[in-house]
1. DSSP beta bridges in the protein assembly as shown, what fraction antiparallel, as a percent rounded to 5?
2. Suppose a student asked you for the relative contact order of chain A, using Cα pairs under 8 Å spaced at least 6 residues apart; what percent would you report?
3. With only Lys, Arg, Asp and Glu charged, each at its Cβ (+1 for the first two, -1 for the last two), find how big the charge dipole of the protein assembly as shown is about the Cα centre; round to the nearest 20 debye.
4. Given q = 0.16 Å⁻¹, what are the Debye log10 I(q)/I(0) values for the stretch A:418-488, with equal point scatterers placed on the Cα positions and solvent ignored?
5. Filter the GluC sites (Glu not before Pro) in the stretch A:11-107 down to the DSSP loop ones having no more than 13 other Cβ atoms within 10 Å, then list what survives.
6. Go through B:422-428, A:230-236, A:34-40 and give me the packing order, highest mean Cβ count within 10 Å leading.
7. At what distance in angstrom do the alpha carbon centres of the stretch A:16-40 and the stretch A:306-349 lie from each other?
8. First obtain the Kirkwood hydrodynamic radius of chain A from its Cα pairs, then insert it into the Stokes-Einstein equation at 10 °C and 1.306 mPa s, and state the resulting D in µm² per second as a whole number.
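Just so you know, all these numbers are worked out from the coordinates, no wet-lab data involved. All values reported here derive from a predicted model rather than from experimental measurement. FYI the Cβ positions are ideal-geometry reconstructions off the backbone, even for glycines, and counts take in every protein chain you see.
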There are 2 protein chains.
Amino acid sequence: MGEQLTSRAENYSQWYNELVIKSGLAENSAVRGCMVIKPYGYTLWENMRDILDRMFKDSGHVNAYFPLFIPKSYLSREASHVEGFAKECAVVTHYRLKQNPDGEGIIVDPDSKLEEELIIRPTSETIIWSTYKNWIQSYRDLPILINQWANVVRWEMRTRLFLRTAEFLWQEGHTAHQSEQEAIEEAERMVHIYADFVENYMGVPVVIGVKSPAERFAGAVNTYCIEALMQDGKALQAGTTHFLGQNFAKAFDVQFLNKNNTLEYVWATSWGVSTRLIGALIMAHSDDKGLVLPPKIAPIQVVIIPIYRNDEQLAKVNQVAFSIEKALKARNISVKYDNRDEYRSGWKFNEYEMKGVPVRITVGARDLENNQVELFRRDTLEKNLVDCNTVVAEAEALLEDIHKSIFNKALAFREQNITKVDSWEEFVDVIENKGGFVSAHWDGTAETEEAIKEKTKATIRCIPLNNPQEEGKCVYSGKASKERVLFARAY
Amino acid sequence: MGEQLTSRAENYSQWYNELVIKSGLAENSAVRGCMVIKPYGYTLWENMRDILDRMFKDSGHVNAYFPLFIPKSYLSREASHVEGFAKECAVVTHYRLKQNPDGEGIIVDPDSKLEEELIIRPTSETIIWSTYKNWIQSYRDLPILINQWANVVRWEMRTRLFLRTAEFLWQEGHTAHQSEQEAIEEAERMVHIYADFVENYMGVPVVIGVKSPAERFAGAVNTYCIEALMQDGKALQAGTTHFLGQNFAKAFDVQFLNKNNTLEYVWATSWGVSTRLIGALIMAHSDDKGLVLPPKIAPIQVVIIPIYRNDEQLAKVNQVAFSIEKALKARNISVKYDNRDEYRSGWKFNEYEMKGVPVRITVGARDLENNQVELFRRDTLEKNLVDCNTVVAEAEALLEDIHKSIFNKALAFREQNITKVDSWEEFVDVIENKGGFVSAHWDGTAETEEAIKEKTKATIRCIPLNNPQEEGKCVYSGKASKERVLFARAY
């Protein structure tokens, strides 16, 4: 370590890229657009996954696994779906390599061409609904409430670690229902579960809303989303849930006998969050010294660092440090005692600040003379001497306090950065200079939405749920409008 | 349900295929050779994965994630490695689809051809060692003890659910060490962890051994394995660990400065088990009535079924059943109370026997008059009336007993089916008629191994660890031999 990060003020984008790499979360791989998620980053993802998985199971869902490959003809069945994904598909065309008969090296065997090309799943609606067709005959077979943890591939041209990568990890829920109402309720339930997770475990406040038609998922009737605000004033879509209507049921001819004994198409939802969430939490909380990780999902919640000059001091320090470590573990707190002697304590301080460990306990021989250790919180960088006998309880309380504190800080930042505007000049000025969400009237047309995007790069992030209805005039066209929507530049 | 399974005696292979589908574990997908792992099967896999993951972490390993794609040139770097996998590679050649300009439908855009083809990982040694090159400079960076849970693809021509599928789920450990000895110890440690898991959680006894050179992993210096015996007398390789020597370090030029400050190539291991283990446990324990699942990993450990004639009886039955359910859950036992009234109890009995639920508790209104319920064990199909007050403790004890019992039964079967032979006539006779493992002397040559395989379809499954040394003559060539090895026909 030792090297400084580029500061956020200097170059936010470079700060982010350096931070992901220097903190050991992930790095770019030799394969274009694909990342290597390093152990520290993967442990963070495991913690997030385990909590989400529990939330999904507690709300009645079960996991399953569907194929990585989607026959080209399946992806093409739902017209707007294939249009949405066609431009970024990894396509498998052959199934064998062989020695080059004309020379050196290995070539793709031309005799192994597939009759039908296979697409690496960019999302699994089509392969799953082709399967549900065999599972669903009667209303008794419904609902189906399935989730899948998987890798997916979208061949993005511009990639950034976690935020946009060709391959990423995610979960995708795919549910089947006997009524429109039930499916809509499911899509709404899941967007609230996502909001619960992102706010209460990641400490990132979100706006829950629906997308404008132009921003909907390819194949959805309605898309719900949670939108978060990053420190540079750009928005980030953190998760989406989709009410798919009967679109995929019709594309794959999935009908069921309802209670009145008549055939009806099945109603569907899908919903997903991905490793992109890691990008969101980094950009919401971290600072120029490194990551600031949310305590509830941090791979290491507490790090203990010893300070000593000789073996005699080390023996005393070890005794206290091991006892604190044991007591923290007994409280189910993830703790690391870093007693490596090849690194100085100053180096370790920087290292764990860069890695965003929420709480640091420094056990120093001198402080121990007063039966004290130093308790440090990563978010505010404050430190205090505390009594050895109370440090464990104080560290545990501090974790809770840091969660609240980073959430409140991010919430205050967001509240300061939702700006109501009523004129086009104001709109452009706020988007250009202040950033954040702009709350403005919109006439509801795709034309206006597109024109605003072209002129300012701002898009409609969402129409908030329970949005207050108020008469107004579209900030761009001047036409009548019944509600404000949130615009922002976004990741 | 209701339909009978083909019996094992009639057609073992058909019994297996029907069983996987009828029990709801998995089914074939629309994509050639790829399976859909249904919720019941996936929960079984989750239970296995969670236990293995804990064992890996307890032995010092951490998880990470590497790309799905491997550039063709990377796969080709290690000569025997690419030779081993070239014939079964899914190859990505393009990254975009488009509307067919000459007519209907969607086609692969020829302008999106990749400069270098990407292989879907059949295993990740090459992509991982290309990454380790950047992570390893000094002995201080070693060991690296990383595991990855992932999907992999091997384009097999003949596939069978769980046993051999084009895509499968697995874990792959990839470790890097500073000495040959340390790497060998790691490969041996992991094969023992696999044996521990398969025997003590899946209830399947295994022989631990090493592969003959011809059966080694492509790129390994030595391959360790665990071999299990299925009920039809065929062997199944349940897991392998590989000492890779310096082969991949040399292929990717991964050197480190050792403690003497000289550059040295890094020593490597890799090791993996897959969803194939599910095939192993099905074929080791199940019977003509359905699955017999090992209690420690069964998705449902105890099912409770009510029997009643009227609402008054149902109220009494419910009261007892809910209280048993609650008490079992409090003991961390996975329990399902199936009180659906659209299915008869006889149908439910068959259903859960097919699904292999280890313990069934039937709460019947008549038995309740004597404060009794019926306790049924799936493995032996025995049932007993037990007191309501003791049923929870008895069910818990029964789960433990069933584990021991199915393990001992499988062990006894295997012991009866390891046959020592000393002549070629005996060898052929046992392989053809009795099946199982044949323990025979082998001259150590690949030629003899190949000849035996051609004549009998039997392969060397392994040379057991700590194999007794004894002078003998090769059962095929008559040449001198120092130890017996285990032959069998295998999955």
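1. Once the DSSP bridges in the protein assembly as shown are tallied, antiparallel ones form about 85 percent.
2. Details: 991 pairs, mean separation 66.2, N = 491.
Relative contact order, chain A: 13 percent.
3. So the magnitude is around 220 debye.
4. After summing over all Cα pairs, the log10 values are -0.45.
5. Working: sites: A:Glu18, A:Glu27, A:Glu46, A:Glu78, A:Glu83, A:Glu88, A:Glu104; in loops: A:Glu78, A:Glu104.
Here the sparse-neighbourhood loop sites are A:Glu104.
6. On the way: B:422-428: 15.0, A:230-236: 20.4, A:34-40: 22.6.
The peptides rank, most packed first, as A:34-40, A:230-236, B:422-428.
7. 29 Å
8. Values: Rh = 25.2 Å.
For these conditions, the coefficient is 63 µm²/s.
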